[in-house]
């Protein structure tokens with residue numbers, strides 16, 4: 001009497017699974033991915049490249065508007081780490097490792113390009129550029145348009161290194177420990193102080 | 001750490017920044033509790049938050065092409081290992097994973113169907129068919145297994161009626177309210193849901209029906225996978241929908257239309273997520289009443305029209321109210337099952 005139900009498995013479920021397919025590195029800890037890369041695993045390298053390239057590119061452009069210089073720096077960085085993979089030290093944060101290396105490389109390239117020709121496009125004032133904007137849907141309580149204006153004026157007087165700390169802290173959402181490592185600060189306290197001084201100046205401007 | 005004298009004390013606090021930039025329920029609870037402890041710091045906290053939110057960093061976007069080109073360049077510069085072979089290996093491992101996942105699914109479902117079949121055959125010999133009524137009051141949601149193995153998530157304030165044994169010809173259930181159906185495939189016995197005169201027919205598929213017919217003027221049938229046809233008894237019309245499509249039937253206007261839908265909005269509730277998308281105050285009130293089984297009274301009106309988007313995953317009513325009152329600027333009082341919103 002009762003017909004056995006055919007298997008409840010159809011094409012749509014197949015499609016659903018395809019969308020959710022896991023990458024084999026997605027759930028792997030950085031230290032393990034890095035080790036695999038060091039031992040010659042090419043897919044580990046490609047994974048590292050693909051998950052970091054875009055943010056490194058964006059990061060690089062915070063130092064210089066010169067797109068070619070930034071692209072070259074990042075390409076050279078990846079070529080370097082591929083060539084010397086066996087000798088690289090271990091890391092628990094690939095992102096941090098790459099940021100630190102990118103920073104070093106870009107600053108070095110900027111320095112040498114400046115020696116070759118005095119380049120006007122590398123204005124210091126544009127590094128880690130950000131502004132304050134009036135967000136109508138969010139802000140109605142404390143910050144008026146006029147105060148935003150004053151914040152922006154105060155921003156212009158912030159030293160480059162302070163702006164850089166603010167960039168890591170608020171945009172990249174890095175902790176003080178990470179910022180310390182990237183920017184070679186002596187200790188966490190001095191990173192925090194740097195941020196504190198910058199933010200105090202901003203706060204005072206909009207009182 | 002949490003002594004805050006100045007705005008910069010907030011701004012330099014890693015956890016505070018994380019709460020503002022990428023909040024999660026836990027951080028919400030923490031900071032709202034903190035505010036209760038130091039209510040005098042409320043203005044300072046709001047200002048610090050606004051400073052962070054108005055920061056506008058320039059993001060440079062890059063297209064995939066540049067990324068691919070650059071990768072090829074890097075690989076060509078250092079072709080020490082035969083990289084192409086490795087890439088192939090990489091994509092093969094994907095295929096393997098997919099097959100494994102499907103196999104697991106197949107095995108479990110087969111096992112389940114067989115299991116059910118044997119128990120069903122035993123029972124069906126002795127039992128007479130009777131109607132089973134599953135009724136969820138406001139504040140309760142349930143997951144029901146139908147006699148054919150179909151899984152139904154029944155939302156709060158909803159009723160599902162089904163026979164203890166389906167006929168050989170078809171599987172018919174009645175729905176009042178909202179339910180999500182994951183129908184076991186049986187090409188010989190179509191699965192039909194009757195909701196206020198709208199009949200949704202499926203073979204093997206998953207879909208959501210939102211027919212809170214008393215409060216709403218609309219019935220929404222949303223198809224997640226498979227294929228369904230929707231028949232309207234009074235209009236004598238028949239529509240079929242594709243996955244990702246939603247049929248909205250207006251009872252008052254006696255008209256139906258097919259649109260696309262936000263998957264999350266439709267199915268979040270069955271995963272215990274209370275999800276709002278551009279919700280108005282009346283909508284939020286109705287949903288909260290249904291979800292938690294409470295009654296909400298309003299005193300005065302809000303200054304601004306509500307347009308709430310947000311989600312609360314497995315959260316207690318108190319926490320939801322804490323967050324809402326904070327963001328939407330109102331006070332509330334809980335008196336057992338009655339809640340007052342004071343604007």
Task: Pair residue B:78, residue A:92: separation of 7 Å Cα→Cβ label points (nm) - done: 2.5 nm
Task: Longest to shortest principal axis, alpha-carbon extents of the stretch B:207-343, angstrom - done: 48, 29, 27
Open item on the list: Please compute the length gained on full extension between residue B:196 and residue B:299, using 0.36 nm multiplied by the number of residues separating them and subtracting their Cα-Cα distance.
Closed with: 33.6 nm
Task: Spin-label proximity, residue A:200 to the stretch B:1-38 - amide N less than 12 Å from point 7 Å beyond Cα toward beta carbon - done: B:6-9
Task: residue B:242 versus residue B:311: modelled label distance in nm, points set 7 Å from Cα along the beta carbon direction - done: 2.6 nm
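Compute the FRET efficiency between residue B:135 and residue B:328 as 1/(1 + (r/R0)^6), taking r as their Cβ-Cβ distance and R0 = 35 Å, and round to the nearest 0.05.
Working: r = 33 Å, r/R0 = 0.93.
The formula returns an efficiency of 0.60 here.
Among B:34, B:291, which comes first, then next, by fewest other beta-carbon atoms within 10 Å? Write out the running numbers ahead of the final one.
Details: B:34 16, B:291 21.
Listing B:34, B:291 from fewest to most nearby Cβ atoms yields B:34, B:291.
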Open item on the list: To make sure I understand, if each residue's beta carbon is the centre and we count other beta carbons within 10 Å, what order do B:135, A:145 fall in, fewest to most?
Closed with: A:145, B:135
- [ ] Going by C-beta contacts inside 10 Å, put B:203, A:107 in order with the fewest on the left.
- [x] A:107, B:203
Open item on the list: Calculate the FRET efficiency for residue B:337 and residue A:112 from the Cβ-Cβ distance with a Förster distance of 60 Å, rounded to the nearest 0.05.
Closed with: 0.25
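Taking 25 Å as R0, compute the FRET efficiency from the Cβ-Cβ separation of residue A:65 and residue B:68 and round it to 0.05. Please report the intermediate quantities before stating the final value.
Details: r = 24 Å, r/R0 = 0.94.
For R0 = 25 Å, the calculated efficiency reads 0.60.
Do you know the relative contact order of the stretch B:237-343, to the nearest whole percent, from alpha carbon pairs under 8 angstrom that are 6+ apart?
Numbers: 124 pairs, mean separation 24.7, N = 107.
Reported relative contact order: 23 percent.
Values in this text are rule-based calculations from the coordinates and carry no lab data. For clarity, every value in this text was computed on a predicted model and none was experimentally measured. A quick note on method: Cβ atoms are made from the backbone with ideal geometry, for glycine too, and the neighbour counts reach across all protein chains shown.
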